[in-house]
1. When the chain is fully extended, how far beyond the present Cα-Cα distance does K50 get from R24, taking 0.36 nm per residue of separation?
2. For the range 2-63, would you read off the P(r) tail past 12 Å as a percentage of all alpha carbon pairs?
3. At V38 and D12, where each label point lies 7 Å from the Cα along Cα→Cβ, what is the point-to-point distance in nanometres?
4. Anything over 20 Å Cα to Cα? Flag those among K27/K62; K22/K63; K27/K61, in the order listed.
Amino acid sequence: MKTQLHKNFNPDLFNQNLLKLKLRLEKIILTGYERKTVEYFDFIAWIDSKLERKSFAEVMKKKYHVPLLS
């Protein structure tokens with residue numbers, strides 16, 4: 001994460017770098033022991049919240065089909 005987002009930080013490329021990071025994480029999570037890490041914190045949902053400009057909670061509720069409380 002550090003090398004993908006902070007190295008030569010450019011605000012104009014932030015979303016593009018987040019998307020690249022998301023794709024790399026998806027590959028890593030699907031192939032090994034790192035899958036367990038998502039049980040502690042869903043990095044993919046966090047990235048989606050930044051890309052969609054929504055709260056992390058809102059993305060998690062949508063991802064796991066939990067109805068939003070009014």
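Laboratory data are not the source of any read-out in this text; all were calculated from the coordinates shown. Keep in mind that this is a model prediction, so the values were computed, not measured. Please note: Cβ atoms are built from the backbone with ideal geometry, for glycine as well, and neighbour counts cover all protein chains shown.
1. On the way: separation 26, 0.36 × 26 = 9.36 nm, distance 1.63 nm.
7.7 nm is the gain from fully extending K50 to R24.
2. More than 12 Å apart: 69 percent of the Cα pairs in the range 2-63.
3. 3.4
4. K27/K62; K27/K61
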